[in-house]
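We did not get these values from a lab; they are worked out from the coordinates using the rules stated. None of these values were measured; they are calculated from a predicted model. Quick reminder, even Gly has a Cβ in these numbers, built from the backbone with ideal geometry, and neighbours come from all protein chains shown.
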Amino acid sequence: MAKFMFLHRSGGPCAFEQSPEEMQQAMQAMGRWMEDGLKAGWLLDTGDGLKADGKVVHADNTVTDGPFAESKELVGGYCMVEAADLEGAVELAKAMPQTGGAIEVRELAGHSMD
Amino acid sequence: MNPEVTSDGPEQLVEHFFRHESAKLIAVLARAFGVRHLDLIEDKTQEALITAMETWGRHGIPSNPSGWIYRVARNRVLDVLRREKIHQRAMAWTQGNEQYIVSLADQWIADDQVPDSLLRMMFVCCHPVLDRRSQIALTLKILCGFSLSEIARGLLISNEAAKKRVQRAKKALAEEQIKPELPPADELQQRLSAVQEVLYLMFNEGYSATQGHEPLRDDICEEAARLCHLLCGHESFGTPETKALLALMLAHSARLGARVDSEGATILLADQDRSLWDRGLVRAADDWLERSKTDHPSRFHYEAAIALTHCFAPTLEQTRWDRIVFFYDRLLQLHPSPLYRLNRAIARAESGDVDQALEELESLRGRQDMSSYFLLSCALGRLHELRDDSRKAVDAYTAALSGALAEHERALLERRISQLRGAQTDGRSFDATEELK
């Protein structure tokens, strides 16, 4: 089994077109996905959302406000899953309720493992 | 993780929680910070809901979900007001300091104060500076938490038109510096009538028959009834008319579930499975009509009584048409609408007096204010059916087809014509005006 990080890239301004009703439905679907994952064991960490503003520390230790990426590329949250391979992880990502953004599926390189 | 968070899954939330929470937050925050900040307040409420969506989906529902969203929205509004330094002006306008305003809002969000804020917003959204269509769109946006595209879908207009109506309304409110105040005693009757009218029209928008099943339209009916119920609970606004309006909405709502078949096609009153009518809603409607008794019944009273008469009839044939004719007589005394006359003629014909009904319909023909010849032709068709004259019925329905029709109306008529042409009449009736008005 391999470990994967799902990075949720926000959908940009179009997410704001969502109605409260649609948001509630998306949230409930997300909750079901998380619950299924925790029960089945393939969801290692439900992760968290990330606030939009932060700081960027550069190589020379200068600090700027940011990240100021294009809002549609901004990472808005993450979670950790376990799957047999990349294809399996992609299937799990497909089942994850989307709210207008994209999910980036990245396998952990395992460098930190003993 | 927030210590408030419990292990409750997101399934625990009541239906439409976000929608109603949105209305509540906007009403309370606009009352506190001023209607002129409506756009900002809507944005921040939306953001608070997005934050809730992202957090609760992962970690479960906090023990006080309403309070959680409220604090997020309130703080974000405050952040912007402070940052943009428009804060001073905002405060001057409400003649208080920031802490005072926040403490008021905090107090209003407490459950027993929320209805008052919602009622104030209702009078803002139905303010006489706005035209009717803007009032309806704005009410759906602000008080029912509908998105612009939901409003467009619900009202069968384009997204662009929905956006325009809402923007126009907000601009007018800002220009006229409308405040979230309840109407003073001398304006109460007039302002209340406007709110009732908006809710009535909103309900009709949701109720009017359409091709295909669009749950949003049922939601519009439900929301109109919810807001009307809120009005009923207020000592000044819960007048006999308001209660009768609620009775009317509930009586019609009882039949909502029986109006569409599994393929989404409209089912006419005559063909509806009456066992699908919601008896609980019928009882509630009857109860509210009872409570609405007054020496001066309004059109809502008579319309509710007509709707209830249908609800209580075990079959179309056993309908108390005589009572329905009587109620239309009274309605016509209050408001001489050709549509009421048309419906009275049909009720008369159903009760057996076809000739007099025909006379009445003929007299309506050619009248300037009989705007819908389509309905008139449909009614004529039905009358000829009742006289077992299927050739004339087909002629009338064919005439109805010549107008500009919605797709579902055309389909209904064509179906009926082919039935009549085919195996003579099969005994089923076609009361188009009941469903297509």
TODO: Can you tell me the 0 to 90 degree angle between the C-alpha axis of helix B:240-253 and the longest principal axis of chain B, rounded to 10?
DONE: 70 degrees
Task: Folded to 0 to 90 degrees: helix B:279-291 orientation relative to chain B principal axis, Cα - done: 80 degrees
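Scan region B:294-375 for GluC sites (Glu not before Pro) in coil per DSSP, keeping those whose Cβ has at most 13 other Cβ atoms within 10 Å, and list them by number. Mind showing how you got there, number by number?
Values: sites: B:GLU303, B:GLU317, B:GLU350, B:GLU359, B:GLU360, B:GLU362; in loops: B:GLU317.
Answer in residue order: B:GLU317.
Cα-Cα over 23 Å: which of A:LYS51/B:LYS141; B:LYS179/B:LYS243; B:LYS141/B:LYS179; B:LYS171/B:LYS243? Walk me through the numbers before you get to the answer.
Values: A:LYS51/B:LYS141 27 Å; B:LYS179/B:LYS243 27 Å; B:LYS141/B:LYS179 18 Å; B:LYS171/B:LYS243 32 Å.
Where the Cα-Cα span goes over 23 Å, the pairs concerned are A:LYS51/B:LYS141; B:LYS179/B:LYS243; B:LYS171/B:LYS243.
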Open item on the list: Considering the Cα positions of chain B, please state its Rg to one decimal place and its Dmax as a whole number of Å.
Closed with: 24.6, 78
Task: Using alpha-carbon coordinates, inclination of helix B:407-421 to the longest axis of chain B, degrees - done: 20 degrees
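Report the equivalent ellipsoid semi-axes for region B:188-319 in whole Å, largest first, defined as the square roots of five times the eigenvalues of the gyration tensor built from alpha carbon atoms. Don't jump to the answer; show the numbers that get you there.
Working: eigenvalues 134, 60, 24 Å².
Semi-axes from the Cα gyration tensor: 26, 17, 11 Å.
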Task: Length gained when the stretch B:ASN75-B:ASP39 is fully extended (0.36 nm per residue, less Cα-Cα span) - done: 11.4 nm
Open item on the list: Just to confirm a number: summing +1 for Lys and Arg and -1 for Asp and Glu over residues other than B:ALA73 whose beta-carbon lies under 9 angstrom from that of B:ALA73, what do you get?
Closed with: +3
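Could you please rank B:THR294, B:THR266, placing first whichever residue has the fewest other Cβ atoms within 10 Å of its Cβ? Display every interim value, and only then the final one.
Working: B:THR294 12, B:THR266 20.
In increasing order of surrounding Cβ atoms, one gets B:THR294, B:THR266.
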TODO: State, as an integer percentage, the relative contact order of chain B based on alpha-carbon contacts under 8 Å between residues 6 or more apart.
DONE: 11 percent
Open item on the list: Modelling each spin label as a point 7 Å along the Cα-to-Cβ direction, I'd like the B:ALA411/B:ASP186 distance in nm, to one decimal.
Closed with: 5.5 nm
Task: Charge context of B:ASP219, other residues only, Cβ under 11 angstrom, K/R +1, D/E -1 - done: -3
Task: Relative contact order, percent, region A:2-107 [alpha-carbon distance under 8 Å, six or more residues apart] - done: 52 percent
- [ ] Can you check what the net charge comes to around B:SER253, using other residues whose Cβ is under 10 Å from the Cβ of B:SER253 (Lys, Arg +1; Asp, Glu -1)?
- [x] -2
Task: Long-range amide H partners of A:GLY47 with built H, under 5 Å - done: A:MET80
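Classify chain A as rounded, prolate or oblate from the Cα gyration tensor: take a ≥ b ≥ c as the square roots of its eigenvalues, call it rounded if a/c is under 1.5, otherwise prolate when a/b beats b/c and oblate if not. Provide the component values of the computation, followed by the final result.
Values: a/c = 2.27, a/b = 1.10, b/c = 2.07.
Note, shape of chain A comes out oblate.
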Task: Projected label distance in nm at A:ASP85 and B:LEU332, using a 7 Å step from Cα toward the beta-carbon - done: 8.0 nm
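Could you tell me the relative contact order of region B:188-319? Use alpha-carbon pairs under 8 Å, at least six residues apart, and round to a whole percent. Intermediate values should be presented prior to the final figure.
Values: 168 pairs, mean separation 32.9, N = 132.
In percent, rounded to a whole number, it is 25.
Averaged over peptide B:40-49, how many Cβ atoms belonging to another chain are found within 10 Å of each residue's Cβ? The partial results should precede the final answer.
On the way: counts 0, 0, 0, 1, 0, 1, 7, 2, 0, 6.
Average neighbour count from other chains, rounded to a whole number: 2.
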Open item on the list: Spelling out what I want: for every residue of region B:38-51, take phi, set θ = phi - 60°, compute 6.51 cos²θ - 1.76 cosθ + 1.60 (Karplus), and round to whole Hz; glycine and proline get x.
Closed with: 3, 4, 4, 5, 4, 4, 6, 5, 4, 4, 4, 5, 5, 4
